[in-house]
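Take a look at the structure set out below.
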Amino acid sequence: MQTILWLHGFPLTAAIFEKQRDLDGVQHVMPDLPPLESMDDYARFAVAQLDERGIERATFAGLSMGGYISFAVMRLFPERVAGLILIDTRETADTEEARKGRYENIAKVRQQGIAPLVDSMLPKMVVDEALRPRVRELMMSASPEFVMAALKAMAERPDSTETLRAIRVPTLVVVGEEDTITPPADAERMAGAIAGARLVKLPNAAHFSNYEQAEAFNAEVMRFQ
Ligand code: MLT
């Protein structure tokens with residue numbers, strides 16, 4: 001049976017994949033990410049999840065920050081990657097301005113906890129306001145320690161353009177048409193740079209497209225497997 005290792009984004013836990021965990025015919029590994037120093041450390045953590053279960057290769061499905069981790073896995077452990085599902089993510093590094101914003105957010109989280117950050121990000125995560133209370137709960141389930149560590153790891157992550165060009169495994173790139181954090185233009189550029197990649201743009205979805213349009217997303221994953 002194929003394995004999909006699901007890597008969540010920020011600020012989140014693996015619960016953001018609650019609408020994927022019942023997908024049939026696939027072994028799912030859905031770890032909560034701990035606070036770690038760098039994308040390389042997160043890549044080692046991800047591969048350790050496979051080691052613990054005696055799994056040689058998996059499809060890495062990365063949502064946003066999970067995509068950044070998947071690129072680090074491609075650099076460090078390409079032999080462990082059977083396929084890639086890149087969801088609402090991008091290969092480029094932060095701009096100076098974005099990096100500065102990350103460090104400001106670390107200071108804010110240290111002082112005020114994660115609620116103000118979650119509330120400022122929530123409208124960008126899903127278009128459908130009816131989904132926001134549950135999505136807010138999912139975001140609030142992240143620990144402040146993880147949120148601060150993730151902000152630093154994202155701020156310091158390298159550009160993955162060359163990594164992307166070297167990808168030779170089946171790749172599905174998915175983006176919500178209303179995603180303003182990692183917009184469709186990012187997904188188009190990534191899919192264009194990866195040999196044979198399939199690009200799917202989901203209407204009526206923002207940054208958490210796997211959650212907001214779970215049925216269409218899941219159909220694409222099943223088709224890809
Ligand atoms: C995520 O969803 O993981 C983050 O919004 C990504 C980012 O801030 O770059």
(message) Viscosity 1.306 mPa s, temperature 10 °C: give me the Stokes-Einstein translational D for region 2-224 in µm²/s, with Rh taken as the Kirkwood radius over C-alpha pairs.
(response) 92
(request) Express the carbon and sulfur contribution to the solvent-accessible surface of the chain as a percent, rounded to the nearest whole number, probe 1.4 angstrom. (result) 50
(request) Report the relative contact order of the chain, percent, no decimals, based on alpha-carbon pairs under 8 angstrom and at least 6 residues apart. (result) 24
(request) Determine the distance separating the Cα centre of region 200-225 from the Cα centre of region 73-103; give it in Å without decimals. (result) 20
(message) For GLU104, what accessible surface area do you get with a 1.4 Å probe? Give it in Å², rounded to 10.
(response) 100
(message) So, for the chain, what is the accessible surface per residue at a probe of 1.4 Å, expressed in square angstrom?
(response) 43
(message) Let me confirm the definition first: pairs of Lys residues in the chain, 8 or more apart or on different chains, C-alpha distance under 22 Å. How many are there?
(response) 9
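The values are calculated or read from the model by the stated rules, or taken from the named source; none is laboratory data. If you're wondering where the values come from, they're calculated on a predicted model, not measured in any experiment. Side chains are part of the model used for accessible areas, which takes the heavy atoms of the whole protein and leaves out ligands, DNA and RNA. Shrake-Rupley method; radii C 1.70, N 1.55, O 1.52, S 1.80 Å.
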